[in-house]
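Presented below is the structure to which this report refers.
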Amino acid sequence: MNNIGIVVQGPLVSVGKTGKDMMRPRLVPQEDIVTFDCVPTILEVAALAKDHGLGPFRVVVRETDPQDSIARLVAALGEESIVCMPAPVLDDKPQYMSNNARNQFTSTLEGVRAVRKAGATRVIKIRSDQFVRIDLLARDLNRFISPEDKKILIPWMDTKHPISVMDFYFAANIQPFEEFLEFLLQNAKLHYNVHIELLKALATYNLGPTMLPGRFIFAKTWNKRILKTYHAALIPASRDIYQTTIWRGKHLADPQGQFVHSDDAWIESMKAVLKNRPILPIAIAQKIARKVGIAKA
């Protein structure tokens, strides 16, 4: 087998908006919310992994997932491909990180450890409710990240929100990725915005802590830190991966040039974005919105 392990993480029945609504606000109309059976998608990705010699392949499930869904996966993939974890930890008032974020990254870490124990030295992590061309991710992993590199392949760089790191899929060398996940779970406060806190954690992990008072007070200095973080830690994947990704049964919406990929001169794009567009105080705006009742707490 290839030394690129595949980790699939997420619920086996996923509820939410589909790929066609990805660019819409978070609160989409109820009629556009779907309940999606993830098992066929997982098996489709597993078949793709087999066709391209990728593996070991592991699906991380929770003991609270529907038992019939787990049984279908076991029947198709074998027990050795299933990593079963205890019920998620729930906290009525999570102060450290949200329940969803904590469970996402604890599950990812267990999956990464499982494929490492099975012999993988590199890893691709995807969501259970998305069909992703993992063969193309493996191509980019081999193309852009050397065996000694600690960088992480991410879906894209967002020119409107460069401080956010999207977590749809990751690819990396397994040891530094596992070490970063451990750091993340011990140090990051993934409560209000997991995407912003991901970048902050990557910055601290790769560049060391900062003494800047507050996230947005010194925009120019923060912009330099963001750019250094991308240089040190991140590479956006190629555009064809985004174009072929299907989320809860629908292709991802066209971002209309908002996302930058490795097909582009992405570092130059990043420099231009950070030079010409100051980072808005997103966290402050969100807190104000919650206080005046125009956004959910």
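The values are calculated or read from the model by the stated rules, or taken from the named source; none is laboratory data. Computed from a predicted model, the values in this text were never measured in an experiment. Cβ atoms come from the backbone with ideal geometry, glycine included; neighbour counts cover every protein chain shown.
So which residues in region 1-47 are part of a helix (DSSP H, G or I), crowded, with 18+ Cβ neighbours inside 10 Å and at pLDDT 95 or above, if there are any at all?
Looking only at region 1-47, we keep the residues that are part of a helix (DSSP H, G or I), and these are 19-21, 30-32, 39-47.
Those left that are additionally crowded, with 18+ Cβ neighbours inside 10 Å: 19, 21, 39, 41-42, 45-46.
Once the filter is applied, which keeps residues that are part of a helix (DSSP H, G or I), crowded, with 18+ Cβ neighbours inside 10 Å and at pLDDT 95 or above, region 1-47 yields 19, 39, 41, 42, 45, 46.
Just need a number here: residues in region 255-287 that are at pLDDT 85 or above, closer than 14 Å to residue 158 by Cβ and either in a loop (DSSP other than H, G, I, E, B) or acidic (Asp, Glu) (or both).
5
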Test: residue 197 is farther than 17 Å from residue 110 by Cα and surrounded by fewer than 18 Cβ atoms within 10 Å (Cβ to Cβ): no
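Output the residues belonging to region 231-249 that are surrounded by 15 or more Cβ atoms within 10 Å (Cβ to Cβ) and either more than 17 Å from the chain's Cα centre (by Cα) or charged (D, E, K, R) (or both).
239, 248, 249
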Of everything in region 64-79, what is in a helix (DSSP H, G or I) and touching a residue at least 12 places away in the same chain (Cβ under 8 Å)? Give them in sequence order. 69, 70, 72, 73, 76, 77
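Could you grab me the full set of residues in region 48-57 that are of a type outside the set (Asp, Glu) and part of a helix (DSSP H, G or I)? Steps first, please.
In the first step, residues of region 48-57 are kept if they are of a type outside the set (Asp, Glu); the result is 48-50, 52-57.
Residues satisfying the conditions are 48, 49, 50.
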I'd like to verify a number: residues in region 8-40 that are of a type in the set (S, T, N, Q) and within 19 Å of residue 115 (Cβ to Cβ), how many? 1
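I'd like the residue in region 130-155 that is of a type outside the set (A, V, I, L, M, F, W, C) and under 14 Å from residue 49 (Cβ atoms) and, out of all such residues, is surrounded by the fewest Cβ atoms within 10 Å (Cβ to Cβ). Break it down stepwise before answering.
First, the residues of region 130-155 that are of a type outside the set (A, V, I, L, M, F, W, C): 130, 133, 135, 139-140, 142-143, 146-151, 155.
Retained after the next criterion (residues that are under 14 Å from residue 49 (Cβ atoms)): 133, 135, 139.
Details: 133: 21, 135: 15, 139: 17.
Checked region 130-155; the qualifying residue surrounded by the fewest Cβ atoms within 10 Å (Cβ to Cβ) is 135.
Conditions (1) among the aromatic types (Phe, Trp, Tyr); (2) buried (at least 22 other Cβ atoms within 10 Å of the Cβ); (3) farther than 24 Å from residue 266 by Cβ, marked per residue:
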| site | (1), (2), (3) |
| --- | --- |
| 108 | no, yes, yes |
| 118 | no, no, yes |
| 128 | no, yes, yes |
| 157 | no, yes, no |
| 164 | no, no, no |
| 170 | yes, yes, no |
| 176 | no, no, no |
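Residue 61 - would you say it is assigned to a strand (DSSP E or B), within 17 Å of residue 126 (Cα to Cα) and in contact (Cβ under 8 Å) with a residue 60 or more places away in the chain?
Working: assigned to a strand (DSSP E or B): yes; within 17 Å of residue 126 (Cα to Cα): yes; in contact (Cβ under 8 Å) with a residue 60 or more places away in the chain: no.
When the stated conditions are applied, residue 61 does not pass them.
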Need a quick list: helices (runs of 4 or more DSSP H) entirely within region 98-190 having at least 2 residues that are polar (S, T, N, Q). 99-117, 174-187
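Taking region 129-174 as the search range and keeping residues that are of a type in the set (S, T, N, Q) and in contact with a Phe, Trp or Tyr (Cβ under 9 Å, 6 or more places away or on another chain), which one is nearest to residue 252 (Cα to Cα)?
Restricting attention to region 129-174, the residues satisfying the condition of being of a type in the set (S, T, N, Q) are 130, 142, 146, 159, 164, 173.
Remaining after also requiring in contact with a Phe, Trp or Tyr (Cβ under 9 Å, 6 or more places away or on another chain): 130, 159.
Details: 130: 10, 159: 17 Å.
Applying the filter and picking the extreme gives 130.
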Taking region 234-269 and keeping only residues that are touching a Gly at 6+ places or on another chain (Cβ under 7 Å) and of a type in the set (D, E, K, R), one is left with 248, 250
Take the residues in region 64-103 that are under 22 Å from the mean Cα position of the chain (by Cα) and modelled with pLDDT of 90 or more; name whichever of them is surrounded by the fewest Cβ atoms within 10 Å (Cβ to Cβ). 86
